[in-house]
Amino acid sequence: MHVPLGDLILTGLEAGAFLGLPANRRVFELVRHAILGHQLQGGAKLPSTRDLAIELGLSRNTVLAAYEQLLAEGYIEARSGSGSYVADTLPRALAPVRPKPARQAGGAAPRELSRRGRMLTATPSDKCYEIQEFVAGANDFSAFPHKLWQRLQNKHWRSPEPAFLDYARAGGYQPLRESLTEYLRVSRSVRLNPDQVLITAGTQQSLDLCARLLTDGGDMVWMENPGYWGARRIFEANDLNLRPVAVDAEGIAPSAADLQTAPRMIYVTPSHQYPTDVVMGLSRRRLLIEFAGRKGAWILEDDYDSEFRYGGRPLASLQGLDSHARVIYLGTFSKVLYPGIRIGYVVVPPDLIESFRTGLSDIHRPGQMAVQAALSDFIRLGHFSSHIRNVRARYGKCRALLQQCLQKKLLPQARLSNADTGLHLVIHLPEHCDDVLLVAQAKRRQLDVKPLSSYYVAPPLTRGVVVGYGYTPQEQIMPSALRLADLVNRHIRATG
Ligand SMILES: Cc1ncc(COP(=O)(O)O)c(C=O)c1O
């Protein structure tokens, strides 16, 4: 028996289904959907291509092409001398089930996510916590020498070595690992040789690699509190037991109770605590290293923006002080070059090299060898150093302008952080302030700042406003700072 396929297709065509595709493709899709939706049952006979073409007012070739594609993909079968039939492809053991419409817009959780998947996607973090520009939507990456960068990339693409098109092996492009080794030794006092460096797709991937290779679900990890949301996400995704550890003016400040625990990992940002803008003091550094050595814990040192120290040379790394080989050093090009480059690195102790290489390769399948090669040239030829000097001067001016303006205008109850480093600072607020409300008000005035309270793992202990200035056009710093100071002062008065 012929099915009323013509009607079905005509209805679909008139309703504009698959508009934009060629006619044969539209017919193919409509028949395919009718089969998958059980409007056409297995074994049903299809009209001849000639009859269907007349019914639809299309050329026979159009219908023929649609049938040929349906045949090639197994939706229909041709029986010699008798025409085309819907193939019977339904698994025997299953009754036809109409797919339920997926729950989507309106906030309901998508079907089929795991518990972890639901937890991770319930509150997307980066929109709330990523500290970048001060003025909403005004990200300024013009300091990056893109013409030079293009030239360096072109050089490698003109006649790429076969290895550039392959996966990255042995921890990444050897000359880049060598250039980085030199740079880290000289400017960050990291103790390493090139074999200890692994090139990753940024700190987020480095953290994930460390969590997967060094911990098991349920292991304890110390997190600075407040701390970096990106690290927290990775630890949550790896089912780790987060222990928030307080931060004071010297960085992470473990209490006596904290020191009784045995964390497997300790995540810290010693050069510039994220987000409070303090630098870890030497005695705190030594305490941490001693503690990790005694407990057999790994310290993850996230050195994400140490290149930006405006008052002097960058501070030496924690890794360089470590005589127990417990520190894993994480670096990134996201801040010093641009975030979309997705290149970072991990420096691991010698006994972990082979495991980390295997883990990186098996879990993440790294690549981007041509970009790594261009970056290696960028460093080797001295462009990296001059770029750092250039952006340091530029961001330093932005910071100074911002500080001057805020210091002058803010009420004395608002205290400004003063680390003289990095790409953000903090306006600390009295306890009675509601920093979430204040930030929402700022957003309405095109100021993109973040509430300090939202970076706490446990209930917030202090209130403040985190202000990123690195990618903000310099001429916008003063007017924006004036508007922010005005808003903060009014909030303090209104709530005090
Ligand atoms: C504390 C911290 N670590 C690391 C990074 C960089 O991460 P990635 O290299 O994945 O871009 C950032 C970027 O904002 C950061 O704030």
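The values are calculated or read from the model by the stated rules, or taken from the named source; none is laboratory data. Please read these numbers as outputs of a predicted model, since none were measured by experiment. Backbone-built Cβ (ideal geometry, glycine too); neighbour counts: all protein chains shown. Ligands, DNA and RNA are excluded from the accessible area calculation, which covers all protein heavy atoms including side chains. Shrake-Rupley method; radii C 1.70, N 1.55, O 1.52, S 1.80 Å.
Around L242, which amide H atoms from residues at least 5 apart in sequence, or from another chain, sit under 5 Å from its own amide H, with H modelled in the peptide plane?
Counting only residues 5 or more places away or on other chains, the set is V221.
Calculate one ³J(HN,Hα) per residue across the stretch 450-455 by plugging θ = phi - 60° into the Karplus curve 6.51 cos²θ - 1.76 cosθ + 1.60, and present them in order as whole Hz with x for glycine and proline.
After applying 6.51 cos²θ - 1.76 cosθ + 1.60, I find 10, x, 4, 4, 6, 8 Hz.
What FRET efficiency, computed as 1/(1 + (r/R0)^6) with R0 = 22 Å and r the Cβ-Cβ distance, is obtained for R313 and Q404, rounded to the nearest 0.05? Could the numbers behind the result be given before it?
Details: r = 24 Å, r/R0 = 1.07.
FRET efficiency, R313 to Q404: 0.40.
Taking H placed 1.01 Å from N in the peptide plane, check which residues at least 5 places from L447 or on another chain put their amide H under 5 Å from its amide H.
Amide H to amide H, under 5 Å and 5 or more residues apart or across chains, L447 pairs with A136.
Largest first and in whole Å, what are the equivalent-ellipsoid semi-axes of the chain based on the Cα gyration tensor, each being the root of 5 times an eigenvalue? Provide the component values of the computation, followed by the final result.
Details: eigenvalues 572, 172, 128 Å².
Equivalent ellipsoid semi-axes, largest first: 53, 29, 25 Å.
Size of the dipole of the chain about the Cα centre, Lys and Arg at +1 and Asp and Glu at -1 on the beta carbon, nothing else charged, in debye to 20?
Taking the Cα centre of the chain as origin, the dipole is about 820 debye.
What are the ³J(HN,Hα) values, in whole Hz, obtained from phi via the Karplus relation 6.51 cos²θ - 1.76 cosθ + 1.60 with θ = phi - 60°, for each residue of the stretch 49-65 in sequence order, with x given for Gly and Pro?
4, 5, 4, 5, 4, 5, 4, 8, x, 10, 6, 5, 4, 4, 5, 4, 4
Spelling out what I want: for every residue of the stretch 111-123, take phi, set θ = phi - 60°, compute 6.51 cos²θ - 1.76 cosθ + 1.60 (Karplus), and round to whole Hz; glycine and proline get x.
Using θ = phi - 60°, the values come out as 5, 6, 6, 6, 4, 5, x, 5, 5, 5, 9, 4, 9 Hz.
Give the long-range amide H neighbours of I76: residues separated by 5 or more places, or on another chain, with amide H under 5 Å away, using H modelled in the peptide plane at 1.01 Å from N.
The list, which skips near neighbours in sequence, is L71, A87.
Give me P(r) over the stretch 386-495, computed from all C-alpha to C-alpha distances, binned every 5 Å, as integer percentages.
2, 12, 24, 25, 19, 11, 5, 2, 1, 0
Using the C-alpha atoms of the stretch 315-440, what convex hull volume per residue, in cubic angstrom, is computed?
Cα-based convex hull of the stretch 315-440, divided per residue, equals 195 Å³.
Which of the trypsin sites (Lys or Arg not before Pro) found in the stretch 421-494 are loop residues per DSSP with 14 or fewer other Cβ atoms within 10 Å of their Cβ? Before the final figure, lay out the partial values.
On the way: sites: K443, R444, R445, R463, R483, R490, R493; in loops: R445.
In loop regions of the stretch 421-494 (DSSP not H, G, I, E or B), the sparsely surrounded trypsin sites (Lys or Arg not before Pro) are R445.
For the chain, what does the accessible surface come to per residue with a 1.4 Å probe? Please give it in Å². Walk me through the numbers on the way to the answer.
On the way: 23250 Å² over 496 residues.
Per-residue value: 47 Å².
May I ask which residue of S283, I234, L52 lies farthest towards the positive end of the charge dipole of the chain, with charges of +1 (Lys, Arg) and -1 (Asp, Glu) on Cβ and the Cα centre as origin?
S283
Apply 1/(1 + (r/R0)^6) to the Cβ-Cβ distance of E130 and L36, taking R0 = 56 Å, and write down the FRET efficiency to the nearest 0.05. Walk me through the intermediate numbers first.
Values: r = 41 Å, r/R0 = 0.73.
Once the sixth-power term is evaluated, E becomes 0.85.
Say R0 is 60 Å: what FRET efficiency, to the nearest 0.05, do K147 and K45 get from their beta-carbon distance?
Values: r = 65 Å, r/R0 = 1.08.
Approximately 0.40, to the nearest 0.05.
What percent do you get for the relative contact order of the stretch 5-86 when only Cα pairs under 8 Å and 6+ apart count?
Details: 83 pairs, mean separation 26.3, N = 82.
Relative contact order, the stretch 5-86: 32 percent.
Whole Å is fine, so just give me how far the alpha carbon centre of the stretch 238-282 lies from that of the stretch 31-68.
A separation of 66 Å, based on Cα centres.
In what sequence, highest mean first, do 420-427, 381-388 appear when ranked by Cβ atoms within 10 angstrom?
With the highest mean Cβ count within 10 Å placed first, the list reads 420-427, 381-388.
Take every Cα-Cα pair in the stretch 5-86 and report what % of them are more than 14 Å apart.
Numbers: 1963 of 3321 pairs.
In whole percent, the long-distance tail amounts to 59.
With a bin width of 10 angstrom, please list the P(r) values of the stretch 143-382 as percents of all Cα-Cα pairs, from the 0 bin to the one holding the largest distance.
Percent of pairs per bin, in order: 7, 33, 36, 18, 5, 1, 0.
Classify the stretch 309-353: rounded, prolate or oblate, from the alpha-carbon gyration tensor (a ≥ b ≥ c, eigenvalue square roots; a/c under 1.5 rounded; otherwise prolate if a/b is larger than b/c)? Present the calculation step by step, with values, prior to reporting the outcome.
Details: a/c = 4.97, a/b = 1.28, b/c = 3.89.
Taking the square roots of the gyration eigenvalues as a ≥ b ≥ c, the stretch 309-353 is oblate.
Between the helical axis of 435-444 and the dominant principal axis of the chain, each derived from Cα atoms, what acute angle in degrees is found, rounded to the nearest 10?
That works out to roughly 60 degrees.
Given +1 on the Cβ of Lys and Arg, -1 on the Cβ of Asp and Glu, and no further charges, what dipole in debye does the stretch 326-385 carry about its Cα centre, rounded to the nearest 20? Show your work: numbers first, answer last.
Values: 6 positive and 4 negative charges, 37 e Å.
Taking the Cα centre of the stretch 326-385 as origin, the dipole is about 180 debye.
Which value in deg cm²/dmol, rounded to the nearest 500, describes the helix-derived mean residue ellipticity at 222 nm for the chain, given -39,500 (n - 2.57) per DSSP H run of n ≥ 4 and division by the residue count?
Details: 17 runs with 199 residues, N = 496.
My calculation for the chain gives -12500 deg cm²/dmol from helical runs alone.
Treating only the Cβ atoms of Lys and Arg (+1) and Asp and Glu (-1) as charged, compute the dipole magnitude of the stretch 153-264 about its Cα centre; round to the nearest 20 debye.
400 debye
Kindly express, to the nearest 10 degrees and within the range 0 to 90, the angle between helix 174-188's C-alpha long axis and the longest C-alpha principal axis of the chain.
30 degrees
Determine the share of the stretch 5-86's accessible area contributed by carbon and sulfur atoms, expressed in whole percent, with a 1.4 angstrom probe.
51 percent
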